[in-house]
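> Below: one structure in C-alpha cells.
The values are calculated or read from the model by the stated rules, or taken from the named source; none is laboratory data. The structure displayed is predicted, hence computed values, not measured ones. Cβ atoms come from the backbone with ideal geometry, glycine included; neighbour counts cover every protein chain shown.
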Amino acid sequence: MNRRLLLLLALSLGSLCSLWAGLNPEALGLLKEAERRYGARVGLQLTELSTGRVVLHHRSTELMTPASLVKILSTGSFLQQRGSDFRFETRVYALGEVKRGVLRGDLLLVGSADPSLASRYVPESQLRLQQELLQMLERAGIHRIDGRILIDGSASFAQGQHPSWLVEDTGNYYGAGVYALNYRDNYFDLWVSDSGEGGVVLDAVDPDVSLSFVNELRLSGKDEYLCYGSPHTPQVILSGSIRRGSSGVNMRPAHPEPIAYALQSLRRLLDEGGVPVSELGAVLSLPLDTLGRRPQLLGSYYSLPADTLVRITNHRSANVYAEALGRSLYLEDLGPKSLEHYWLSKLQLPQHSLRLYDSSGLSVKNRITPAALSVVLHDLLAGDTPEQNAFWQSLPRLGQEGTLKSFMRGTPLVARLKSGGMTGVKGYAGYVRYEGRWYALVLLSNDFPSPEVANKVLSDFLHRCFPMPKPRKSKRR
C-alpha cells in the first residue's frame, strides 16, 4: 500500500514538473499579496501554445478593464479579415473640364479611413502624398485648379469620437476622432513656454491650423496639462500646468475639424508644388453619384500594407490607427459590437467574457476576461510559427521597442507583448518564450494606486515566474 502511494505521489510530482517546465508557480503568491496590500485585482492566464494547456491562472474568468489590450482584438481581426497585404485606397477625381492646363472645377479626394495619410508615425509620408498628388495632376495636364479641393465626408461607417470616451481624453492627440479621411493622425503641434513673467505663452502653432485658443495654463513644479475641444467647434482650451522654466512644450491637441485641417494643408502642398488652387476647400457631404458632374478618376493613393499599419498600431499604441482599422471592417455598423461579435462567434467564447465599446481601448467601459484574451492570442498564431506570423511581428520586444522600451529593460526574458494602461489599469499580453517553449501570456491589473506600483508588481511577478539563470562569475587566476 505504501509503495502504491509513493508511486502515485512520484507520478503526480512528475506531471506537475512537466506542466510547469521550469516556471515558478509560487510567483502567484506575489500577486495575491499585492492584491491584499493595495486593494487591487490582477488577472492572469499563462497558456502553453503547443498544447493549449493552461499552466497558471488567477482571476482568469473575471471581467476586467483592458485599456489598450483591446488593440490585440482590433489589429488581429483586421489581419485575419483583410490580410497582410491589404492597402487603404484614397481616390482622387477631377470634377470639371481641363483646358490649357487649368481644371475649371474641383479636385475631389474620397477617403477610406486610411489612418496613415501624412502620418507622423510614417517618415516622409506627407512628402509622398504631395509627390503622388502632383504626379496625378501632371499626367492629367493640370497645372492650376480654378476651383476648390473637396473631401468626401459621406462614408457610412461610424465617425468621430465614441460617446463613452472621457472628455479629458478627447481634446488630446490620443483621443482624436476617426473619419473617412484622416490627416496627420488628426492632431496638430502647438508649443508653449514659460513666459518668464509668471505665465505661459504660446510659442508656435502648426501653420495649417486655423483655430482659436483659450490659454488657461499656469506654472507649477511639473507638467500636468490637458487640451479640451469639441468636434466641429473651432476652439481649443489649454488647461493645467507646465513646469517652471520649461520651453517648447508640445501639447499636441486633437484637431476638432481634421478634414478642414487636411484641406488647408493640401492646398498649401499643391501650391508649393506649383499647382495653385484658387478657392478654399470644403467637405462634400453628399455621395459622389449625386453631384450631377461626371468625375474623372485621376488616380489612387495607397497606404502602406496592413501588416505595417498593424505594427505601428501595436508598437506605438496609436489609438487613431486602431479605431480606423476596427471601424473600417464594419461600414454599416458601429464597429465595436461587430468586433465583439466576431471574436465571440469565431472562438465560441462565453457571451459574458467580452464587452467592447471601441477598437482602441480608450473607453473605460470595455471589459474582457484574461481567459478570453488568452484564447484570442492562441488563435492569432494558429498554424504559424511565431517568427512567420504578421501579428506576432507587430508586437514590440520586451525591454527593447515601442511602448515596452523602458519596461524590464535589459531583461534576458524573450517576449513580445502589447501594453495597456489608463488610470487604474496596467496590463501586458502577448507571447513569452521560456526554456524552448512558447506561451500566451495575459497579465492585467486593475485598481492599483499608480502605474508605477502596478508596473513594479507585474515586473516582479514576471521575474519570479520565469526565473533566469544567474550569469557565472569568471574565475580570476
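> List the helices (runs of 4 or more DSSP H) that sit entirely inside segment 368-477 and contain at least 1 residues that are of a type in the set (A, V, I, L, M) and under 20 Å from the mean Cα position of the chain (by Cα).
So the answer is 370-380, 390-394.
Okay, residues lined up against (1) in contact with an Asp or Glu (Cβ under 6 Å, 6 or more places away or on another chain); (2) in contact (Cβ under 8 Å) with a residue 60 or more places away in the chain; (3) surrounded by fewer than 17 Cβ atoms within 10 Å (Cβ to Cβ):
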{"residue": "Glu26", "(1), (2), (3)": "no, yes, yes"}
{"residue": "Glu35", "(1), (2), (3)": "no, no, no"}
{"residue": "Val92", "(1), (2), (3)": "no, yes, no"}
{"residue": "Glu97", "(1), (2), (3)": "no, no, yes"}
{"residue": "Ala118", "(1), (2), (3)": "no, yes, no"}
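> Spot the failing condition for His162; the list is (1) under 26 Å from Leu95 (Cβ atoms); (2) within 25 Å of the chain's Cα centre (by Cα), and only one is missed.
(1) is the only condition that His162 fails.
> Which of the residues that make up segment 159-179 are under 18 Å from Ser239 (Cα atoms) and in a loop (DSSP other than H, G, I, E, B)?
Leu166, Gly171, Ala176
> Another question, then. Look at segment 115-139 and say how many of its residues are at pLDDT 95 or above and of a type in the set (Asp, Glu).
Summing the residues that are at pLDDT 95 or above and of a type in the set (Asp, Glu) in segment 115-139 gives 2.
> Only one of Arg148, Arg139, Arg104, Arg82 is of a type outside the set (Gly, Ala, Ser) and within 29 Å of the chain's Cα centre (by Cα); which?
Arg82
> Moving to a separate point now. Looking for whichever is of a type in the set (Lys, Arg) and either touching a residue at least 40 places away in the same chain (Cβ under 8 Å) or not assigned by TED's automatic domain parsing to the domain that holds Val55 (or both) here; the options are Lys405, Lys418. Which one fits?
Just one listed residue meets the conditions, Lys418.
> Is segment 60-80 home to any residue that is modelled with pLDDT of 95 or more, of a type outside the set (S, T, N, Q) and more than 29 Å from Thr423 (Cβ to Cβ)?
Taking every residue of segment 60-80 in turn, at least one turns out to be modelled with pLDDT of 95 or more, of a type outside the set (S, T, N, Q) and more than 29 Å from Thr423 (Cβ to Cβ).
> On to the next question. Looking only at residues that are among the polar types (S, T, N, Q) and in contact with a Leu (Cβ under 8 Å, 6 or more places away or on another chain) in segment 140-182, which one is modelled with the lowest pLDDT?
Taking the candidates together, the pick is Ser156.
> Could I ask something else about it? When you scan segment 161-182, do you find a residue that is in the same structural domain as Ser247 (by TED's automatic domain parsing), free of Cβ contacts under 8 Å to residues at least 60 places away in the same chain and either out of contact with any helix residue (DSSP H, G or I) (no Cβ under 9 Å at 6 or more places or on another chain) or within 25 Å of Ser317 (Cα to Cα) (or both), even just one?
No: zero hits.
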